[in-house]
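The values are calculated or read from the model by the stated rules, or taken from the named source; none is laboratory data. Since this is a predicted model, take the numbers as computed values, not measurements. In this analysis, Cβ positions are derived from the backbone assuming ideal geometry, glycine residues included, and neighbour counts consider all displayed protein chains. What goes into the accessible areas is simple: the full protein's heavy atoms, side chains included, and nothing from ligands, DNA or RNA. Shrake-Rupley method; radii C 1.70, N 1.55, O 1.52, S 1.80 Å.
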Amino acid sequence: MEIKDSVIVVTGGGNGIGRALCRRFAADKARAIVIADIDVAGARRVADEVGGTAIETDVSREDDVERLVEETLDRHGAIDLFCSNAGIAKNGDERAPDEEWRRCWDVHVMAHVYAARAVLPSMLERGRGYLLHTVSAAGLLSHPQSATYAVTKHASLAFAEWLAIAYGDRGIKVSALCPQGVRTDMLLRAETEGRSFLLDGAVEPEQVANLVADAVADERFLILPHPEVAEYVRRKATDHERWLRGMRRRRKAEP
Ligand SMILES: NC(=O)c1ccc[n+]([C@@H]2O[C@H](COP(=O)([O-])OP(=O)(O)OC[C@H]3O[C@@H](n4cnc5c(N)ncnc54)[C@H](O)[C@@H]3O)[C@@H](O)[C@H]2O)c1
């Protein structure tokens, strides 16, 4: 898909990876960029910078996502690329309160479901459209400190795969972005919460945005800003026991 002249929505576009995506899409001359974020001030700053539109959106609320899509379609006539990128991260094991589990589920899974419900009808009618889901390497592997994150990111990846299977032959392209550490506020917060292993080999959000632009141009499903993740996935598939031992060591190293 060509970014030039396309209409793009980026959730969580007010900061971090989403902001870098908006900047890259603007550099590639997208026709319209809609920045959807719960942090409307952040979204407005990015909108001012890239010449886009900010829409206050809590992606965990279906009515917000519907309104975001309706307003964008009314204003621009179509959505070519919808980036479901908003995310949250917190350490959490089985004792994390239900509301934390639900919040992660709503932001990492239901937000993508709401987006697909809202945006697919118009894409299927045109016979083309692109969904980019920001997942995480934790969706392919795990996260030693956060069950809430690892589990919901697995579900997020499963939904992206399912969309690609169900709609790939009807003109709908899907990509899943699965980075390890990316130097954003989320990673800096993680550092203070004792998840600093992600800082090793962390990449800049701009690097991630450049890789996304290449992958969207190639219409490639899996985007791995850390290529070693492909090797970790192979090792996990080849010898699960060994992989679990390695993850236990990683968890012990950073309690
Ligand atoms: N930074 C990393 O190391 C890393 C690694 C792998 C995956 N990711 C994923 O990348 C995505 C972006 O993360 P980031 O690192 O840019 O984080 P960030 O905290 O810098 O930015 C996240 C943005 O999402 C917004 N947001 C949060 N909840 C929202 C909601 N309910 N509705 C709308 N907007 C909401 C925030 O306001 C913020 O602007 C997330 O899905 C995250 O899980 C990040």
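Out of the residues in the stretch 125-142 that are within 13 Å of the ligand (Cβ to nearest atom) and outside any loop (DSSP other than H, G, I, E, B), state the one that is nearest to residue 90 (Cα to Cα). Filtering first and then ranking leaves 138.
Being within 10 Å of the ligand (Cβ to nearest atom), basic (Lys, Arg) and either touching a Lys or Arg at 6+ places or on another chain (Cβ under 9 Å) or at pLDDT 95 or above (or both) is a condition met by at least one residue of the stretch 102-112. Scanning the stretch 155-188 for residues that are over 20 Å from residue 17 (Cβ atoms) and within 16 Å of the ligand (Cβ to nearest atom) turns up just one, 158.
Filter the stretch 73-124 down to residues that are in a helix (DSSP H, G or I) and of a type in the set (Val, Ile, Thr) and give me whichever is farthest from residue 59 (Cα to Cα).
Residues of the stretch 73-124 in a helix (DSSP H, G or I): 73-76, 98-124.
With of a type in the set (Val, Ile, Thr) added as a condition, the list becomes 107, 109, 113, 119.
Details: 107: 6, 109: 10, 113: 10, 119: 13 Å.
The qualifying residue farthest from residue 59 (Cα to Cα) is 119.
Going residue by residue through the stretch 221-229, is there one that turns out to be part of a helix (DSSP H, G or I), closer than 20 Å to residue 146 by Cβ and either in contact (Cβ under 8 Å) with a residue 60 or more places away in the chain or out of contact with any Leu (no Cβ under 6 Å at 6 or more places or on another chain) (or both)?
Taking the stretch 221-229 as the starting set, the residues that turn out to be part of a helix (DSSP H, G or I) are 228-229.
Right, trim to closer than 20 Å to residue 146 by Cβ and you get 229.
Going one step further and asking which of them are either in contact (Cβ under 8 Å) with a residue 60 or more places away in the chain or out of contact with any Leu (no Cβ under 6 Å at 6 or more places or on another chain) (or both), we end up with 229.
Within the stretch 221-229, one or more residues are part of a helix (DSSP H, G or I), closer than 20 Å to residue 146 by Cβ and either in contact (Cβ under 8 Å) with a residue 60 or more places away in the chain or out of contact with any Leu (no Cβ under 6 Å at 6 or more places or on another chain) (or both).
Go through the stretch 1-17 and give me each residue that's among the hydroxyl-bearing types (Ser, Thr, Tyr) and either assigned to a loop (DSSP other than H, G, I, E, B) or surrounded by fewer than 23 Cβ atoms within 10 Å (Cβ to Cβ) (or both).
In the first step, residues of the stretch 1-17 are kept if they are among the hydroxyl-bearing types (Ser, Thr, Tyr); the result is 6, 11.
Answer for the stretch 1-17, where residues must be among the hydroxyl-bearing types (Ser, Thr, Tyr) and either assigned to a loop (DSSP other than H, G, I, E, B) or surrounded by fewer than 23 Cβ atoms within 10 Å (Cβ to Cβ) (or both): just 6.
Residue by residue through the stretch 81-101, note down the ones that are within 11 Å of the ligand (Cβ to nearest atom) and open to solvent by 50 Å² or more (accessible area, probe 1.4 Å).
The answer is 88, 90.
Scanning the stretch 209-219 for residues that are closer than 16 Å to residue 16 by Cβ, in contact with a strand residue (DSSP E or B) (Cβ under 8 Å, 6 or more places away or on another chain) and modelled with pLDDT of 95 or more turns up at least one hit. Checking each residue in the stretch 63-114 for being touching a His at 6+ places or on another chain (Cβ under 7 Å) and in contact (Cβ under 8 Å) with a residue 60 or more places away in the chain picks out 84, 87. Scan the stretch 21-40 for residues that are under 24 Å from residue 110 (Cα atoms) and either within 11 Å of the ligand (Cβ to nearest atom) or within 16 Å of the chain's Cα centre (by Cα) (or both) and the total you get is 9.
Are any residues in the stretch 64-101 modelled with pLDDT of 95 or more, under 22 Å from residue 142 (Cα atoms) and either of a type in the set (S, T, N, Q) or touching a Cys at 6+ places or on another chain (Cβ under 7 Å) (or both), and if so, which ones? Hits for the stretch 64-101 are 84, 85, 88.
Restricting attention to the stretch 18-55, the residues being part of a loop (DSSP other than H, G, I, E, B) and either free of Cβ contacts under 8 Å to residues at least 60 places away in the same chain or closer than 23 Å to residue 186 by Cα (or both) number 7.
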